[in-house]
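Written below as structure tokens is the structure these notes are about.
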Amino acid sequence: MGNRCPENHSINVSGAGGPGSAGAKGRGRRANASGTMTRRICGHSPVGPGHRAGIAVEFMYNVASRNSRKQTATRPSIDARTIQRSRNQTMPKVSIIMPAYNSMPYIRESYESVMAQTYQDFELIITDDGSTDNFSEWSETIDDERVTVLRQQNAGASAARNKGIQIASGAYLAFIDADDIWYPTKLEKQVTLLDNNEEVGLVYTHVLSIDESGASRDKEYKYYQEGWVWRELLKENFLVCGSTPIIRAECFEKVGLFDTELKNCNDRDMWIRIARHYPFGVVPAVLVEYRQYDTSLSMQYATREISINRFLTKASKDAPEELHGRELDRIMRDAFSQSYNVMAWKPLQSERMSWKDAWQYYVKSIRKNPSYAFSKDSIRLAASLALIGIAGRDRYNAFRNSVRKTLKP
């Protein structure tokens with residue numbers, strides 16, 4: 001996929017504060033009683049929101065001897081607090097959390113992109129969300145003391161992230177999905193920004209879209225919103241995907257864990273809850289490759305719509321105090337209309353284009369706020385729907401591709 005790591009990127013946050021937090025700390029080392037380095041493969045029952053607790057070790061493998069003899073899994077009866085890394089020891093600066101579910105076609109590349117970071121003061125927590133592929137076999141080949149693998153019955157990405165948050169020990173938490181890719185300087189640039197801006201709670205980056213094979217879709221997501229971004233995030237998820245942000249651990253103590261009831265929008269729900277209390281920062285550089293799939297099945301549209309309605313309703317109840325009455329009503333109508341507009345594009349951009357589904361969401365966007373019909377996004381959607389209705393899908397796609405080639409530098 002060519003050069004993935006442009007190095008001449010600047011970091012900028014408007015209204016940046018004074019000196020940030022202390023510099024990177026050394027990594028903690030996991031050792032057994034004899035001092036032999038080990039890798040933990042763990043499982044535990046969830047604790048309450050906002051608490052990052054210790055866990056009971058279910059399986060422990062001796063890495064040093066794994067290649068010479070097969071180790072028998074044991075279940076030591078040890079109090080969870082005795083195996084949690086001592087707070088008196090040095091901790092990793094960053095905890096990276098990777099949920100994984102039947103992701104073997106891609107997880108190796110995602111894992112390698114994490115381990116290739118120029119910033120190395122981190123731990124990686126991989127939560128196996130009940131995978132039925134050969135994840136277990138692959139995970140046993142990992143030979144790095146910084147990696148912890150957790151296992152749970154299939155409960156979704158939010159539950160898998162929450163499980164990682166609950167045992168994370170870093171001052172900063174970063175997330176990567178098991179099919180996405182980080183560029184080597186991602187953590188370094190984001191950690192630098194957080195260290196130098198102690199008021200910032202979350203830092204995101206620009207994103208490149210790739211397809212299932214890893215080929216570029218020739219689409220980069222470049223947003224520059226920073227500071228207090230609650231309103232902007234309500235209208236659009238400018239973080240794009242869950243693999244971009246790095247977040248101060250204290251944010252989760254303030255806002256709690258991911259909402260496991262949301263099947264879609266669960267990451268956006270978390271970001272806007274954080275935005276309610278903390279300003280955001282951005283590293284204006286493409287540092288993440290986001291793998292996107294065809295989501296054309298109509299049964300998924302209903303699930304997405306339910307999640308969006310729940311997300312926006314939650315957000316309206318937790319709006320900043322200065323927003324109320326008619327102003328908040330107007331903001332929420334705009335947010336609903338914008339969300340339905342985004343949903344309308346999904347069936348048009350899928351391989352199994354559905355004009356009917358797109359039209360229904362377009363109509364809903366106008367019903368929520370009639371004045372939205374005159375917005376640039378709504379006019380663009382209406383023009384595309386009209387063109388498809390008149391010329392048909394094939395001619396529309398040919399015209400769209402021709403325009404893209406003309407506009408491409």
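The values are calculated or read from the model by the stated rules, or taken from the named source; none is laboratory data. All of these numbers come straight from a predicted model, not from anything done at the bench. Glycine also receives a Cβ, built like all others from the backbone with ideal geometry; neighbour counts cover every protein chain displayed.
Does Thr118 satisfy the condition of being at pLDDT below 95, surrounded by fewer than 17 Cβ atoms within 10 Å (Cβ to Cβ) and more than 16 Å from the chain's Cα centre (by Cα)? Before you say what the answer is, go through the steps one by one.
Details: at pLDDT below 95: no; surrounded by fewer than 17 Cβ atoms within 10 Å (Cβ to Cβ): yes; more than 16 Å from the chain's Cα centre (by Cα): yes.
Answer is no for this residue.
Considering only the range 248-264, I want to know if a residue exists there that is crowded, with 23+ Cβ neighbours inside 10 Å, in the same structural domain as Ala215 (by TED's automatic domain parsing) and under 26 Å from Arg217 (Cβ atoms).
Checking the range 248-264: not a single residue is crowded, with 23+ Cβ neighbours inside 10 Å, in the same structural domain as Ala215 (by TED's automatic domain parsing) and under 26 Å from Arg217 (Cβ atoms).
Examine the range 346-368 for a residue that is of a type in the set (Phe, Trp, Tyr) and surrounded by fewer than 18 Cβ atoms within 10 Å (Cβ to Cβ), and state whether such a residue exists.
Scanning the range 346-368 turns up at least one residue that is of a type in the set (Phe, Trp, Tyr) and surrounded by fewer than 18 Cβ atoms within 10 Å (Cβ to Cβ).
Has the range 159-170 got any residue that is over 14 Å from Val94 (Cα atoms), surrounded by fewer than 22 Cβ atoms within 10 Å (Cβ to Cβ) and modelled with pLDDT of 95 or more?
Scanning the range 159-170, I find at least one residue that is over 14 Å from Val94 (Cα atoms), surrounded by fewer than 22 Cβ atoms within 10 Å (Cβ to Cβ) and modelled with pLDDT of 95 or more, so the answer is yes.
Among the residues of the range 184-191, is any under 15 Å from Lys93 (Cβ atoms), of a type in the set (A, V, I, L, M, F, W, C) and under 18 Å from the mean Cα position of the chain (by Cα)?
The initial filter retains those residues of the range 184-191 that are under 15 Å from Lys93 (Cβ atoms), namely 186-191.
If we keep only those that are of a type in the set (A, V, I, L, M, F, W, C) too, we end up with 187, 191.
Those still in the list that are under 18 Å from the mean Cα position of the chain (by Cα) too: 187, 191.
Looking through the range 184-191, at least one residue is under 15 Å from Lys93 (Cβ atoms), of a type in the set (A, V, I, L, M, F, W, C) and under 18 Å from the mean Cα position of the chain (by Cα).
So, restricting to helices (runs of 4 or more DSSP H) that lie completely within the range 319-409, which ones have at least 3 residues that are modelled with pLDDT of 90 or more and under 17 Å from Lys235 (Cα atoms)?
Numbers: elements: 325-349, 355-368, 376-391, 393-407.
Qualifying helices (runs of 4 or more DSSP H): 325-349, 355-368, 376-391.
Against the definition (over 23 Å from Ala285 (Cα atoms) and of a type in the set (A, V, I, L, M, F, W, C)), how does Ala160 come out, yes or no? Spell out the reasoning first.
Values: over 23 Å from Ala285 (Cα atoms): yes; of a type in the set (A, V, I, L, M, F, W, C): yes.
It is true that Ala160 is over 23 Å from Ala285 (Cα atoms) and of a type in the set (A, V, I, L, M, F, W, C).
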